[in-house]
Amino acid sequence: MGKNLEFAYDIYIGASPAKVWKGIVDGDMTKQYVYGTRLESKLKKGEHYAFVGEGGFKVVDGEILEIEPEKRLVMTWKAHWDESVAQDRASRVTYELSAAGPAATLLHLVHDDFDGPTATYSGSIRAGGWPLMLSSLKSLLETGKPLATK
């Protein structure tokens with residue numbers, strides 16, 4: 001297994017692409033479903049971003065590589081939540097949104113560009129990784145309440 005390793009996940013959310021986009025990029029919303037971290041970013045290509053937790057700790061940070069509001073967001077992903085992931089080089093996360101009906105969105109996420117089965121890759125695919133975070137985003141947007149992710 002080499003750099004071709006990737007994690008892909010599709011989820012349908014009962015909300016418009018505009019609302020799903022807001023859920024992905026609004027720091028007040030990410031704080032509710034991304035393990036209590038707030039996205040801090042100017043949301044411009046080439047700009048730095050960070051998911052910041054309590055005490056200002058950057059849990060994940062990187063650079064925005066591509067951004068097309070309400071459609072596509074591509075960013076490098078450098079995890080810092082523990083020593084094992086902090087040793088990995090940055091990988092890449094891509095969010096793609098497409099309308100799936102009058103009030104639904106298909107969110108397609110790809111996390112790739114790993115150096116093999118790294119600690120970051122393992123954290124992405126386990127039950128507490130992307131599947132839980134995206135399910136919690138879905139719950140937040142559809143019911144107003146996220147799943148418990150802490």
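None of the figures in this text is laboratory data; all of them are computed from the coordinates on show. The structure displayed is predicted, hence computed values, not measured ones. Heads up, the Cβs are rebuilt from the backbone with ideal geometry, glycines too, and the neighbour counts pull from every protein chain shown.
Key figures for this structure:
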quantity: Where chymotrypsin sites (Phe, Trp or Tyr not before Pro) fall in DSSP loop in the stretch 1-85, at most 14 other Cβ within 10 Å; calculated: 57
quantity: Coil-residue trypsin sites (Lys or Arg not before Pro) of the stretch 41-94, DSSP, other Cβ within 10 Å capped at 15; calculated: 42, 44, 45, 71, 89
quantity: Rounded to the nearest 20 debye, dipole of the stretch 1-100 from Cβ charges on Lys, Arg, Asp, Glu; calculated: 220 debye
quantity: Estimated [θ] at 222 nm from DSSP helical runs (n ≥ 4, -39500 (n - 2.57)) normalised by residues in the chain, nearest 500; calculated: -7500 deg cm²/dmol
quantity: Cα long-axis angle, helix 130-143 against the chain (0 to 90 degrees, to the nearest 10); calculated: 20 degrees
quantity: Full-stretch length increase - residue 11, residue 66 - with 0.36 nm per residue and alpha-carbon distance subtracted; calculated: 17.7 nm
quantity: Added length on full extension, which subtracts the Cα-Cα distance from 0.36 nm per residue, residue 108 to residue 40; calculated: 22.3 nm
quantity: GluC sites (Glu not before Pro) restricted to DSSP loop in the stretch 53-137 with at most 10 other C-beta within 10 Å; calculated: none
quantity: Backbone HN-Hα couplings from phi across the stretch 10-23 [Karplus 6.51/-1.76/1.60, Hz, Gly and Pro as x]; calculated: 10, 9, 8, 10, x, 7, 5, x, 4, 6, 5, 4, 4, x
quantity: Residues residue 143 and residue 100, FRET efficiency given R0 of 25 Å [Cβ-Cβ distance, rounded to 0.05]; calculated: 0.85
